[in-house]
There are 2 protein chains.
Amino acid sequence: MSVLDAIAPPVEVPPIAGAGREARVALLGHGLIGSAVSRLLRTIANRGPRPLRVTGALVRNTRVRTDDAPHPFFASPAALFEPAPDVVIELLGGLEPARTLVLDALGRGIPVVTANKRLVAAHGDELVRAAARSGAAFRYEASVIAGVPFLGTFAARPLAAAVNRVVAIANGTSNYLLTRIAEGLSFAAALDEAQRLGFAETDPSRDIDGSDAADKLAVLARTFWGWSVRPNDISTTGVSRLGAIELSLAREIAGSIKPVAVAQQIGGNGSLFVGPAFVAAGDPLASIDGVLNAIRLERTGELPLLFSGPGAGPDVTARTVVDDVFEILAGGASIRPQPAHRPTLRQHRPSGWFISLGGSLPETAEIADLFGAYGLWAKRWSEPRPSTGGRTVALLTHSCSPAAVDAAIARLKSVAAIDAMLLPVLEAGRE
Amino acid sequence: MSVLDAIAPPVEVPPIAGAGREARVALLGHGLIGSAVSRLLRTIANRGPRPLRVTGALVRNTRVRTDDAPHPFFASPAALFEPAPDVVIELLGGLEPARTLVLDALGRGIPVVTANKRLVAAHGDELVRAAARSGAAFRYEASVIAGVPFLGTFAARPLAAAVNRVVAIANGTSNYLLTRIAEGLSFAAALDEAQRLGFAETDPSRDIDGSDAADKLAVLARTFWGWSVRPNDISTTGVSRLGAIELSLAREIAGSIKPVAVAQQIGGNGSLFVGPAFVAAGDPLASIDGVLNAIRLERTGELPLLFSGPGAGPDVTARTVVDDVFEILAGGASIRPQPAHRPTLRQHRPSGWFISLGGSLPETAEIADLFGAYGLWAKRWSEPRPSTGGRTVALLTHSCSPAAVDAAIARLKSVAAIDAMLLPVLEAGRE
């Protein structure tokens, strides 16, 4: 009998070696992911390295439980922490009471697994310190690209983790939206579809405005470099202003627009960026479509590492959370980031810009002349297209400072009634 | 000061937490990779979690050492194992004396790190048992896709490791050759170039004939499913019979030919395949070019996981080996595969065939009729091209048994003087 026999779809794997006394697991939260974890733990209860039993779940209201979970529900954590369970799994989401409860558990020496990126992004330093103080393991593999295990791996391997730049497509909702808009849907229709398919939440604002990706980038920067950054420190742009025309123009000039999160280390400084960016067609990240997520780890002069896979979903997240539990029960350590320090953050300097101009456009040659006066040179122009309010054209520029781009566009706006959208160009993986 | 400050190219990372008494490392072998490990260990000697010191290196001939390594060289292992070092790193390559020495070290309770895929493929069961018996850690992360850490990760995470199929491009030499031949070089010119650039060894036969990839596939199948298979159990085809014409025809029918290794679990049975295969252009594996390596982990009904990065090279391998040392010094466990058992192996059943036919070809319609009589239906035909001995054409078929394909081609050969090359079509990642 295998730990996996009972997980649909069936996968045959022999039993996991080792056995021991029953491990007691307490759940904080029992929403979509909490229920999936609870189901998964029931399914594999007697098949893992140790028998697993859920001692109970903390919920806001114990009267509205409708599923068939055999464990009790509590509205207060006291009964869950006393006697101490072997592992606490935090799936409440949000900052409080998650932070207080996780600190409480770690303070009592109880290992904690969480999938809560907001919590780890905002309070990671404090939580990691609390875990180190008490010696309790603290793992959060599911907080970034939930279906792809890599955070724990790199935290334990300092040479592999010695990278200069991390580029991620870490928010499946916004990646799905841009993929579908590129296929011709309006933003509203794409969002509606994503919500119908379960790829977007009822309130998708944190996904769409980049907050969710900023949380994940803060976790990545802490793990790889020990950067102590708050999600608010990260310059973040959402995807909602993108329409079919920009995505189609991007394709015309050989690329696509992807919602990326970029952390870069240059000298003693760093830069952080979250937002849509132009990705050249040859770049493997350009083909990370739909809800697929990916992370690329770059090291100057070397071939980059690219990891891709599912980034969300209750079952995917539940498996990663329970694997963290298995690692802890097998004696594995915390996901221990590099020691915390505050980096000096500089503005993100992309290798060029994707500029989309719409309205009463002058001739392309005229725009090119005007831009040239500011040191802004185009690598590629799209054909101008008719659009609401006139015409739309897109261009791809060579590297140029944000100030020069802003000045050039301000000048253009002073001579013509146009709107401009400016996206950074993602540098290629190999430097 | 960071463990990484002194590694070129410079990467700024704060110091790794923790410290302890000096860790003594013994090297078995001091060739290209051994020297790279020795250099790396010197560079980071006092900057890791524990100060590191190489106590000596085992070499065949102690008189020919010319580099400036400050540690002694020995022609016999006795002085290296007594007193026991904290870790032994095996980089001799090949089966003996590597096997005997690793068993000796593990038997004495000394942890061992190896990059030796031949050793782990052929004797993995025995080595894993020896490690379990003495409790000494045994790690071999660099044995498969040396620059991408994943073996240890999945061995510790049974739910993530519950996959149905593993597809790898795990041999950089053959991938480089096919990439360059597709760009127009002859096999001989591509091999010459690869050797000049250090991408192929002086004797590249184990890379070209698929033996190296078969070793890696045996390690993968053991890690994910506990399969106890010898590399000789794996049906293996090399890349040397492929020429520019097949690679160009593959592109014409929207794909490329890649040197893949595939392990699949179906019901209680398994199949293993190593050789060139047709990969559709939309498949991310089709763009794994040059010396890049990749592994895709597939689970029915889910988005696959894809990991790619450098698969070889002394510096890349040395970093992975030393990260294994760090994991062991930090108390990390062995890379523990699933418990060993012998699978029932079936013939690999691809989803279709890429067939290239050359010589005195009948008309395409005639070939199609003849093939149809055997249940072999083409999805796509290339245009016939003039070639030595007549014309060459390629087709892509629907799924069909190997027996039917063989019968159809035998029948065609009985009516026309032709040669045929048959490659499986790689199924898409999502099932």
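Here are a few things to note about the model shown:
- Selected from B:Asp212, B:Asp289, B:Asp419 as most flexible by GNM, with chain B as the system and alpha-carbon contacts under 10 Å: B:Asp419
- For trypsin sites (Lys or Arg not before Pro), the sites in the stretch B:344-422 that DSSP calls loop and that have at most 15 other Cβ atoms within 10 Å are B:Arg346.
- Coil-residue trypsin sites (Lys or Arg not before Pro) of the stretch A:223-299, DSSP, other Cβ within 10 Å capped at 15: A:Arg241
- The angle between the Cα long axis of helix B:32-43 and the longest principal axis of the Cα atoms of chain B comes to about 40 degrees, rounded to the nearest 10.
- Principal-axis analysis of the Cα atoms of chain B puts helix B:98-107 at an angle of about 50° to the longest axis.
- Between the stretch A:294-366 and the stretch A:96-113, the Cα center-to-center distance that results, in Å: 27
- Taking a ≥ b ≥ c as the square roots of the eigenvalues of the Cα gyration tensor, the stretch B:197-294 is oblate, since a/c reaches 1.5 or more and a/b is not larger than b/c.
- Comparing B:Asn171, B:Asn232, B:Asn61 in a Gaussian network model of chain B (Cα springs below 10 Å), the most mobile by mean-square fluctuation is B:Asn61.
- For B:Val128, net neighbour charge (Lys/Arg +1, Asp/Glu -1) across residues whose Cβ lies under 12 Å away: +3
- Pseudo-label separations to other copies for A:Ala244 - Cα-to-Cβ vector, 7 Å, nm: 4.4
- Peptide B:148-157 shows a mean partner chain C-beta count of 6 within 10 Å per residue C-beta.
- Among the listed pairs B:Lys258/B:Lys379; A:Lys258/B:Lys216; A:Lys216/B:Lys216; A:Lys216/A:Lys379; A:Lys258/A:Lys379; A:Lys258/B:Lys379, a Cα-Cα separation exceeding 26 Å is found for A:Lys258/B:Lys216; A:Lys216/B:Lys216; A:Lys216/A:Lys379; A:Lys258/B:Lys379.
- Protein accessible surface hidden between A and B, which excludes ligands and nucleic acids, total in Å², probe 1.4 Å: 4700
- Taken one residue at a time, the phi angles of the stretch B:166-179 give Karplus couplings (6.51, -1.76, 1.60, θ = phi - 60°) of 10, 10, 10, 10, 10, 10, x, 4, 5, 5, 4, 4, 5, 4 Hz. Gly and Pro are set to x.
- Where a label projected 7 Å from the Cα of A:Gln195 along Cα→Cβ would reach, residues of the stretch A:283-305 with amide N under 20 Å: A:291
- Net charge contributed by nearby residues that have their C-beta within less than 14 Å of B:Ala182 (K/R +1, D/E -1): -2
- Taking the DSSP bridge list for the protein assembly as shown and keeping only pairs wholly inside it, about 65 percent are antiparallel.
- Between copies, the label points of B:Glu96, set 7 Å from Cα on the Cα→Cβ line, lie 7.0 nm apart, reported in increasing order to one decimal in nanometres.
- Anisotropy class of chain A from Cα gyration tensor, a/c 1.5 cut: prolate
- Prolate/oblate/rounded label for the protein assembly as shown (Cα gyration tensor, a/c 1.5): rounded
- Computed over chain A with a Gaussian network model linking Cα atoms closer than 10 Å, the most mobile of A:Gly29, A:Gly210, A:Gly375 is A:Gly375.
- Principal-axis tilt of helix B:211-225 within chain B, Cα atoms, nearest 10 degrees: 70
- For A:Asn269, the point set 7 Å out from Cα toward Cβ sits 6.3 nm from its twins in the other copies, listed from shortest up.
- The chymotrypsin sites (Phe, Trp or Tyr not before Pro) of the stretch A:246-337 include none that meets both conditions, a loop assignment by DSSP and at most 16 other Cβ atoms within 10 Å of the site Cβ.
The values are calculated or read from the model by the stated rules, or taken from the named source; none is laboratory data. Since we're looking at a predicted model, the values are computed, not measured. Backbone-built Cβ (ideal geometry, glycine too); neighbour counts: all protein chains shown. Calculation scope for accessible area: heavy atoms of the full protein, side chains included, ligands and nucleic acids excluded. Shrake-Rupley method; radii C 1.70, N 1.55, O 1.52, S 1.80 Å.
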